[in-house]
Amino acid sequence: MSGFFSSKYASLTPYIPGEQPQDKTYIKLNTNESPFPPAPGVARAAAEEAERQQLYSDPTAGKLIRALSEVLGVGEDEIICGNGSDEILHFLFMAYCDKTHPALFPDITYGFYKVFADVCGVPWEEKPLNEDFTVNVDDYIGEKKTVFIANPNAPTGIALSRSEVERIVAGNPDNIVVIDEAYVDFGGESAVPLISRYPNLVVTQTFSKSRSLAGGRLGIGIACPERIAELSALRYSTNPYNVNRMTMASGIAALRREAYTKKNCEEIIRIREETKQALLSLGFYLTDSSANFLFAAHPDIGGGDLYRRLKEKGVLVRHFDTPRICDFVRITVGSREDMAVFLTKTNEILEEIK
Ligand SMILES: *Cc1c(COP(=O)(O)O)cnc(C)c1O
């Protein structure tokens, strides 16, 4: 690094996003995107806004927040919009973590949490998941730290029930608990109904997965009005126009088509369960996923080897080269056709290594 770069970032290890190869066309099952296009009307709404780009976007995101308030059944003052839910998570680390409120999250979870903690210069601690990758709820009670739980968790897909989440939230009256619901629409139970009773709870959700808008970058935070006011202060202190015009219009158009989102989620769940059965019969071990991906390991091949061999055959999955999960690959649930190719290639690989 140059002598110009602030020494406070000298040991920063940036987050590594899943590959987005531009060279050839892969069957992309590596970043949990939707195989379905955005809802009807979204592209047109975005194109119309593109004609008005000489003007800044609405810094209050008023229309979008009104639409969200109706769909989610919470007040307009209980919602904040972000440039992806990653931006909301960044605000949460800025707002609620410091030396006296270190961040606390599982050892196996969304890799961005520790990067946000590091970039904000706050200490963090990991609690090991149980042997079967479930969260031990008691680990997060009485710790006096700011808790971050992805529910369903990534990359395991395992979900906590709402009552388990409530136990964590109720057990931390003096600390903020963040529930990251990026995958909630694929079978999780949302904690949103709890926000009216727990001022220490913040829920994040995203349009990237179930609403097919990963490239649009739209995420939300849901909490009591006091928390939203605090987060909004940070938003206005960094980037008041954080949601651009095209994305704002896309989000509003997507919310008018909730039936489309619901139908797609149901389809993903069906394909997930079919693919899971097929992998079980090939001898894989799988976690009980409530997300739009499967987390699978095979006794005869390491996760890294399977990842590389699938990539050679034109199928991208995600492998994490970290201790407890290096035997696994995370497979996004794609279209039926994509999953058929994935299963054929996986079968070939298992034959090749015999
Ligand atoms: C995808 C994901 C996010 C962030 O998604 P955005 O595209 O920034 O909204 C947050 N948390 C988890 C666990 C995710 O998998």
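The values are calculated or read from the model by the stated rules, or taken from the named source; none is laboratory data. Just so it is clear, the model here is predicted, and its values are computed rather than measured. Glycine gets a Cβ as well: all are built from the backbone with ideal geometry, and neighbour counts include every protein chain shown. Ligands, DNA and RNA are stripped out before the accessible areas are found, and what is left, the full protein with its side chains, is counted by its heavy atoms. Shrake-Rupley method; radii C 1.70, N 1.55, O 1.52, S 1.80 Å.
List the number of the failed condition for Ile301; all other conditions in (1) free of Cβ contacts under 8 Å to residues at least 60 places away in the same chain; (2) hydrophobic (A, V, I, L, M, F, W, C); (3) touching a Lys or Arg at 6+ places or on another chain (Cβ under 7 Å); (4) surrounded by fewer than 21 Cβ atoms within 10 Å (Cβ to Cβ) hold.
The single condition Ile301 does not satisfy is (3).
Given the criteria at pLDDT 95 or above, surrounded by 12 or more Cβ atoms within 10 Å (Cβ to Cβ) and under 22 Å from Asn239 (Cβ atoms), does Ile65 qualify?
Yes, satisfied.
Search segment 6-41 for residues being surrounded by 11 or more Cβ atoms within 10 Å (Cβ to Cβ) and among the hydroxyl-bearing types (Ser, Thr, Tyr), and hand back the single one that is nearest to the ligand (Cβ to nearest atom).
It comes out as Thr31.
So if I check each of Arg44, Arg52, which one is part of a helix (DSSP H, G or I), more than 14 Å from the ligand (Cβ to nearest atom), over 26 Å from Arg324 (Cβ atoms) and not hydrophobic (A, V, I, L, M, F, W, C)?
Arg44
Can you spot a residue in segment 227-250 that is of a type outside the set (Val, Ile, Thr), closer than 30 Å to Arg336 by Cβ, in contact (Cβ under 8 Å) with a residue 24 or more places away in the chain and within 16 Å of the ligand (Cβ to nearest atom)?
Yes, segment 227-250 contains a residue that is of a type outside the set (Val, Ile, Thr), closer than 30 Å to Arg336 by Cβ, in contact (Cβ under 8 Å) with a residue 24 or more places away in the chain and within 16 Å of the ligand (Cβ to nearest atom).
Which of the numbered conditions does Ser281 fail, given that it passes all the others? Conditions: (1) within 18 Å of Thr156 (Cβ to Cβ); (2) among the hydroxyl-bearing types (Ser, Thr, Tyr); (3) surrounded by fewer than 15 Cβ atoms within 10 Å (Cβ to Cβ).
(1)
Somewhere in segment 80-96, is a residue open to solvent by less than 10 Å² (accessible area, probe 1.4 Å) and over 20 Å from the mean Cα position of the chain (by Cα)?
no
Check Gly82 against each of (1) out of contact with any Lys or Arg (no Cβ under 9 Å at 6 or more places or on another chain); (2) within 16 Å of the ligand (Cβ to nearest atom) and name the one condition it does not meet.
Gly82 satisfies all of (1) out of contact with any Lys or Arg (no Cβ under 9 Å at 6 or more places or on another chain); (2) within 16 Å of the ligand (Cβ to nearest atom) except (1).
Based on what the data block shows, is Tyr96 away from the ligand (no atom under 16 Å from the Cβ), touching a Gly at 6+ places or on another chain (Cβ under 6 Å) and not small (Gly, Ala, Ser)?
Considered against the rule, which asks whether it is away from the ligand (no atom under 16 Å from the Cβ), touching a Gly at 6+ places or on another chain (Cβ under 6 Å) and not small (Gly, Ala, Ser), Tyr96 comes out as no.
Tell me, which strands (runs of 3 or more DSSP E) wholly within segment 109-226 include 1 or more residues that are within 16 Å of the ligand (Cβ to nearest atom), of a type outside the set (Phe, Trp, Tyr) and open to solvent by 40 Å² or more (accessible area, probe 1.4 Å)?
124-127
Conditions first: (1) acidic (Asp, Glu); (2) open to solvent by less than 60 Å² (accessible area, probe 1.4 Å); (3) not in a helix (DSSP H, G or I). Asp58 passes all but one, so which condition is the exception?
Of the numbered conditions (1) acidic (Asp, Glu); (2) open to solvent by less than 60 Å² (accessible area, probe 1.4 Å); (3) not in a helix (DSSP H, G or I), the odd one out for Asp58 is (2).
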